[in-house]
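The values are calculated or read from the model by the stated rules, or taken from the named source; none is laboratory data. Because the structure is predicted, anything quoted here is derived from the model rather than measured. Counting neighbours? That spans all protein chains shown, and the Cβs are built from the backbone with ideal geometry, glycine included.
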Amino acid sequence: MKGIMRVSKKGKLSPRFVGPYKILRRVGKIVYELDLPNELELVHSVFHVSMLNKCVGDPTSLFPLERLAVDENLSYEEVQVEIFDRQVKKLRNREVAFVKVLWRNHLVEGATWEAEADMKS
């Protein structure tokens, strides 16, 4: 359509919503004005409540960036902190040992199962 700006690319895997954005004020009973960034200056800042979704943030998933040592190429080294658990999975003709590893920059929920042989090396 002519004269309509698309917020993101059209397609199957494109995000359904953009944001989160701060609500500036309530314009009507079911209409809100949002604080949009400069990249979206061509989009009208007033939206019907049916076009908005509540942003539910999880404060426990936030990690302070000051403690994270990021290189100049925006990467960091994963360092093992603790091994929680060990289990042996039986494949067809061999057994493979796995350990549950807690990493330095992750929460307890972010612990992953790794092959014990890989962790020894």
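Before we move on, is residue 73 modelled with pLDDT of 70 or more, under 20 Å from residue 104 (Cβ atoms) and outside the structural domain of residue 103 (by TED's automatic domain parsing)? Lay out the reasoning, then the answer.
Numbers: modelled with pLDDT of 70 or more: yes; under 20 Å from residue 104 (Cβ atoms): yes; outside the structural domain of residue 103 (by TED's automatic domain parsing): yes.
Criteria met by residue 73.
Looking at the stretch 12-22, can you tell me whether even one residue there is surrounded by 10 or more Cβ atoms within 10 Å (Cβ to Cβ), touching a Pro at 6+ places or on another chain (Cβ under 9 Å) and either outside any loop (DSSP other than H, G, I, E, B) or modelled with pLDDT of 80 or more (or both)?
Checked against the condition, which is being surrounded by 10 or more Cβ atoms within 10 Å (Cβ to Cβ), touching a Pro at 6+ places or on another chain (Cβ under 9 Å) and either outside any loop (DSSP other than H, G, I, E, B) or modelled with pLDDT of 80 or more (or both), the stretch 12-22 yields at least one hit.
Confirm whether residue 46 is β-branched (Val, Ile, Thr) and modelled with pLDDT of 80 or more.
On the way: β-branched (Val, Ile, Thr): yes; modelled with pLDDT of 80 or more: yes.
Considered against the rule, which asks whether it is β-branched (Val, Ile, Thr) and modelled with pLDDT of 80 or more, residue 46 comes out as yes.
Of all residues in the stretch 15-41, how many are closer than 16 Å to residue 54 by Cβ, touching a Phe, Trp or Tyr at 6+ places or on another chain (Cβ under 8 Å) and among the β-branched types (Val, Ile, Thr)?
In the first step, residues of the stretch 15-41 are kept if they are closer than 16 Å to residue 54 by Cβ; the result is 16-23, 26, 30, 32, 34.
Filter again for touching a Phe, Trp or Tyr at 6+ places or on another chain (Cβ under 8 Å), leaving 23, 26, 32, 34.
Imposing the further condition that a residue be among the β-branched types (Val, Ile, Thr) reduces the set to 23.
Residues in the stretch 15-41 being closer than 16 Å to residue 54 by Cβ, touching a Phe, Trp or Tyr at 6+ places or on another chain (Cβ under 8 Å) and among the β-branched types (Val, Ile, Thr): 1 in total.
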